[in-house]
Each structure stands twice: as C-alpha cells, then as structure tokens.
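Below you'll find the structure, written out as structure tokens, and then a few comments.
Taken together, the values in this text are just the output of simple stated rules run on the coordinates, not laboratory data. Being a predicted model, the structure only gives us computed values, none of them experimental. As a convention, Cβ positions derive from the backbone with ideal geometry for all residues, glycine included, and neighbour counts pool all protein chains shown.
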Amino acid sequence: MAESHLVNGLPLGAGDSMLIVQPEMNYDYSKRDYLLPDGCKDISDALKLEALKANENREPLRTNEEIRQVFRKFFPAIAAGTVEIVSLARIVGRGCLLVVRSHDPKVSAMEACRFERGERLNALIAELHGEYFCIMLWQPSPEEFIRIAFLGPQKAVLDSGTHQAVVTLNPIWFHHFGIDERKRRIDQLSEMTILVSELTGWKISLAEEETD
C-alpha cells in the first residue's frame, strides 16, 4: 500500500487516493523549546490559539461554491472540467474534504491536485483563510470510501445494514507520541469522522483498541 502524500498532516489514508494539507505553524511546541502562551495548558491549546491569531482578521469562506472557485483558480484540470469536484464537506473555519474524479482516463485526478510545498501552496491556503484541506478520490461505494479514509494507524469496521462504522485507533501507533500530540491527532480524526459522515450519510464513531 502506498504511503500518504501530505504536507504537515496526519497520514489517514492511501496516498494514491488521498491527500491532506494543513497550514504550518510558526513554532514546534512539541519540542518544548518554547514556553506555552499565557492561558494555554498544553500544546493543543497553543496550536489552536496560533491558528486563531493567524486568521483573526479574516472571515471564513461562507459557501461551498467559494471553496470550489478557489480550487478552480489553483488547479487547471479542475478549471477545465477534466477533473471534477464531485462533492465536498466542511467544518467552517477549520477544514474541508473534497472528493474528486477524472473524466479523462489519461489524467489522474490525484496527480492533478498535487503540488509541492512552496509559495503556490501558501497562496492556496491563504485563499482558504487558513483552513486545512483533504482531497480524496471518488469511490463507487461509501464502504470503500470509508475504508480508504481511515487506513493507516486505525481500522474501520462497517455495518452495511445499519450504515454505521466504528473506527478503532491502534494504541501502539499512538504510543510514541506525547499526550498533547496524541490529543491533537485524535482531534483531527474526530473532525475527519464528521466530514466523512456528511459525505456518505453513515454514522461513524471512534473507539480505542483495548490492550492487555
């Protein structure tokens, strides 16, 4: 299975079908080289505060169509209609999940939506007002979509009869992180369950695998 291709993000799924990009923070609080800002009890609070300060004078984009317009501006294949944004879900002010597919067998939708870290990526994130984004390849069934979304340090158990899924976290994978970083990554997964639920209509919940 190919590894995830991402920039400062959490590897949730298969790289050939999924891309996650997050704004970079100015300080690496996890190294504890910096004092936590006043009022912040842990790294997670510090990162949230920094994100708020970076965007305090900017209103989040209001509609899904505004998000689509931003991606048409930065990705020629989307602007030309070769690659279609099939659907998208958002947590306004935090992030969005876009589902794409190609109408040309010679064009990879995921390759058309990938570019390296740099000024162009920073400009895109600025246009999104600091929201992180995740791009996933369209799948013919919600079950396959959910499985791909949660590949990696977790596994998804699906019940097609009730349209429910339980995503179980692997404690061994999270064990080498500190408490604050672990919390931040679990928060990211929680947001991902909200976005995937909205797109698929499935009820998705998180659980932690018990260890002896």
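Which parts of segment 76-100 would a label at TRP138 reach, counting a residue when its backbone N lies under 16 Å from a point 7 Å out along Cα-to-Cβ?
Zone members listed by number: 77-89, 98-100.
How large is ³J(HN,Hα) for each residue in segment 155-169, as worked out from phi by the Karplus curve 6.51 cos²θ - 1.76 cosθ + 1.60 (θ = phi - 60°), to whole Hz, x for Gly and Pro?
Once rounded to whole Hz, the list reads 9, 10, 10, 10, 10, 5, x, 9, 6, 10, 9, 10, 9, 9, 7.
Pulled fully out, how much extra length does the chain show between ASN122 and GLU65, if you take 0.36 nm times their separation in residues and subtract their Cα-Cα distance?
The span from ASN122 to GLU65 would gain 18.5 nm if fully extended.
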